[in-house]
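Student: Quick one: structure below, then a few questions.
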Amino acid sequence: MPSTDKKNYFSKEQELTARFAKALGHPVRIAILELLGSQACCYHGDMAEELPIAKSTLSQHLKELKSAGLIQGDITPPSTKYCINQANFQLAKSLLTKVFE
């Protein structure tokens, strides 16, 4: 049960769920996760060649996904390697599923 103190009203689980939901709140980020999910291993290369967006825009979306913990790896050119963070991805799936139950 959440505290009645306004500062601490929301549980850590609710805050984390909202963070994951925010990171998923753009179609480019969904496309990135789908692309990474279809890979047998980490993605190496220029994802801007796969998606119809500028490299600078892609970089911002990757940073948002990484900040939320949904992806991991080196997202700074020239060394690029991206992977789904499986533990956090499963946690996000579980938390978001709970919202819709």
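Nothing in this text is a laboratory measurement; each read-out follows from the coordinates by a stated rule. What you see is a predicted model; the values in this text were computed from it and never measured. Quick reminder, even Gly has a Cβ in these numbers, built from the backbone with ideal geometry, and neighbours come from all protein chains shown.
Student: How big is the chain by Rg and Dmax over its Cα atoms, in Å?
Tutor: 15.3, 50
Student: If you don't mind, another one. Test of understanding: given the chain, find the longest segment containing no chymotrypsin sites (Phe, Trp or Tyr not before Pro) that are in a DSSP loop and have at most 14 other Cβ atoms within 10 Å.
Tutor: Longest gap between qualifying sites, sites excluded: 11-101.
Student: Run the quick spin-label model on residue 26 and residue 8: label points 7 Å from Cα toward the beta carbon, then report their separation in nm to one decimal.
Tutor: So the two model labels end up 3.4 nm from each other.
Student: I've got another one for you. What number, rounded to the nearest 500 deg cm²/dmol, is the helix-based mean residue ellipticity at 222 nm of the chain, given -39500 (n - 2.57) per DSSP H run of at least four residues and division by all its residues?
Tutor: Only helices count here, giving -16000 deg cm²/dmol.
Student: So, one more: Using a 7 Å offset from Cα along Cα-Cβ at residue 57, what residues in the stretch 63-101 end up with backbone N under 17 Å from the label point?
Tutor: Answer for this model: 63-65.
Student: Additional query: Could you calculate the contour length gain from residue 15 to residue 38, that is, 0.36 nm times the residue separation minus the distance between their Cα atoms, to one decimal place in nm?
Tutor: Residue separation times 0.36 nm, minus the Cα-Cα distance, leaves 5.4 nm.
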